[in-house]
Amino acid sequence: MREIFETDCDVYFTFNGTAANSLAIASLCQSYHSVICHRYAHVETDECGAPEFFSHGTKVLLADGKNGKLDLESVEALVRSRTDIHFPKPRVLSLTQSTEHGTVYSPDELSSLCEDARGNDLKVHMDGARFANAVVSSGVSAADLSWRSGVDVLCFGGTKLGLPVGDMVVFFDRELSRDFAYRCKQAGQLASKMRFMSAPWLGMLREDTWLKYAAHANRMASLLAKELHMLGISVHYPVQSNAVFADLSPAMCEHLRAKGWQFYTFIGEGGARLLCSWDIQESDIRAFIRDIASV
């Protein structure tokens with residue numbers, strides 16, 4: 001990991017992304033602090049309150065932004081809305097890469113947000129459940145899309161790449177990871193045979209396998225979006241990673257689910273969230289499109 005990120009980072013393993021995000025955020029906060037994130041960020045909508053639980057009450061503050069990306073003005077407004085002792089002090093800016101809408105922050109966008117965070121004495125956490133897809137999409141190095149842009153800690157997703165279990169927490173500011181091993185142990189995230197959970201990462205990281213899998217998933221999403229467009233079905237957001245949000249009617253969703261297709265419709269601001277996995281094949285895309293066309 002230090003070779004991939006070109007820096008002397010600290011790396012820890014957790015069983016899943018919820019633990020990775022929640023423990024990482026808890027390591028940056030006190031109970032009287034707050035975390036600023038996008039209103040559709042996973043740490044707000046899909047962690048069952050785990051970030052607040054593990055940080056003993058840190059409050060999550062919601063900012064806005066187009067296409068799932070945090071808007072700098074919205075963040076600034078939250079930071080400066082209250083500075084008195086009666087309001088939880090902003091301490092962390094949490095970014096999702098790629099976002100919950102499948103879009104990707106560019107290095108310039110990240111640098112701008114991180115620079116503003118520094119100016120407001122905020123640490124930067126990145127939820128990188130699909131970090132690999134973002135790296136491929138942006139065409140820059142993992143370092144450029146993380147610590148060189150100002151990120152302090154990255155939660156690097158493994159299960160979205162095909163691993164059976166296990167995400168990594170990567171601290172670029174090593175001072176912030178002091179005693180993090182104890183935090184993992186207390187939260188039940190230390191396996192008695194952690195080597196079995198960490199070993200598959202070796203195969204994933206060697207010979208850029210993680211990037212190849214992500215690139216394939218991204219290509220399949222682009223193909224899916226193209227085929228949907230040819231059927232006259234609109235796509236809600238720019239397709240920049242492995243996610244496509246399609247405007248499917250309730251009847252069409254019911255028809256597709258009856259044929260065995262699985263997808264969510266409650267994530268994001270609307271539409272059916274269609275995710276292309278690391279092992280999806282073009283034939284799967286064609287079959288899905290045929291089933292849509294039949295309605």
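The values are calculated or read from the model by the stated rules, or taken from the named source; none is laboratory data. This is a predicted model, so every value here is computed, not measured. When we count neighbours, we look across all protein chains shown, and the Cβ atoms used for this are built from the backbone with ideal geometry, even at glycine. When the accessible area is computed, the model is the full protein with side chains, heavy atoms only, and any ligands, DNA or RNA have been set aside. Shrake-Rupley method; radii C 1.70, N 1.55, O 1.52, S 1.80 Å.
A few notes on this one:
- Qualifying lysines (Cα of each under 25 Å from Cα of residue 226; at least 8 residues distant if same chain): 66, 69, 160, 212, 259
- The Cα atoms of segment 169-229 define a convex hull whose projected area, averaged across directions, is 6.9 nm².
- Listed by chain and number, the lysines whose alpha-carbon sits under 20 Å from that of residue 185, ignoring those within fewer than 8 places in the same chain, are 193.
- q = 0.12, 0.15 Å⁻¹, the chain: log10 I(q)/I(0) [Debye, one scatterer per Cα]: -0.78, -1.17
- Summing Cβ point charges (Lys, Arg +1; Asp, Glu -1) relative to the Cα centre of segment 45-118 gives a dipole of roughly 300 debye.
- Rg/Rg_ref, segment 247-292, where Rg_ref = 2.2 N^0.38 Å and atoms are Cα: 1.15
- Segment 36-105 - convex hull of the alpha-carbon atoms, volume per residue in Å³: 79
- Semi-axes of the equivalent ellipsoid for segment 34-160, Cα gyration tensor, largest first, Å: 23, 16, 13
- Accessible area (Å², 1.4 Å probe, nearest 10) - residue 285: 10
- Test item: Cα-centred dipole of segment 98-175, Lys/Arg +1 and Asp/Glu -1 on Cβ, debye: 300
- Rolling a 1.4 Å probe across all protein chains gives residue 12 an accessible area of roughly 50 Å².
- If R0 is 25 Å, the Cβ-Cβ spacing of residue 45 and residue 206 corresponds to a FRET efficiency of close to 0.15.
- Value at 222 nm in deg cm²/dmol, rounded to 500, when DSSP H runs of n ≥ 4 in the chain each add -39,500 (n - 2.57): -11000 deg cm²/dmol
- Candidate residues 1, 230: accessible-area rank, largest first, probe 1.4 Å: 230, 1
- Note on exposure: 2, 39, 206 ranked by accessible area (1.4 Å probe, complete protein assembly) read 206, 2, 39, with the most exposed listed first.
- Area of residue 194 that stays accessible when all protein chains are in place (1.4 Å probe, Å², to 10): 40
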